[in-house]
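Let me begin by presenting the structure, written as structure tokens, before commenting on it.
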Amino acid sequence: MKKLPKTKKVGSTRGFGPRYGSTVRKRYVKVIADLKKPHRCPQCGFVRVRRVSVGVWRCRKCEYTFAGGAYMPNTKLGTIARRAAKGAQVEVVHRTAVAVETDSVEPAIEEETTE
Ligand SMILES: [Zn+2]
């Protein structure tokens, strides 16, 4: 059986063959390569963190489970979100205070309309 010389298929897209186009396959390889390599644990510092599910990461050393990016445990956006969440706590308290105020106003209006 003679086979035509094929271009070497890279990494995890071997099973894809010519499908989805080279650009998409290259992007897939980049993301999956990042996903598959062990990451450092933010708790114990060991490089034993693996992805359990999309956005869920667990350290195999200390069993520390945490939320992260879909394909990597830490994303730039996640860091920004965490920072925003810390600052937003004051804002959330303020919002609930406003909500309570509006709640107390609403029945008063209802009373006026029924009269
Ligand atoms: Zn750990």
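Quick notes on this one:
- Estimated from the Cβ-Cβ distance and a Förster radius of 22 angstrom, the FRET efficiency linking Ser12 and Arg60 is about 0.55.
- Virtual spin-label span in nm between Lys76 and Val47, 7 Å along Cα→Cβ: 2.4
- With each label modelled as a point 7 angstrom along the Cα→C-beta vector, the Arg19-Leu35 pair spans 1.5 nm.
Only the coordinates and a few stated rules stand behind these numbers; no lab work does. Because the structure is a prediction, the values reported are computed rather than measured. Neighbour counts are summed over all protein chains in view; Cβ atoms, including those assigned to glycine, are modelled from backbone coordinates with ideal geometry.
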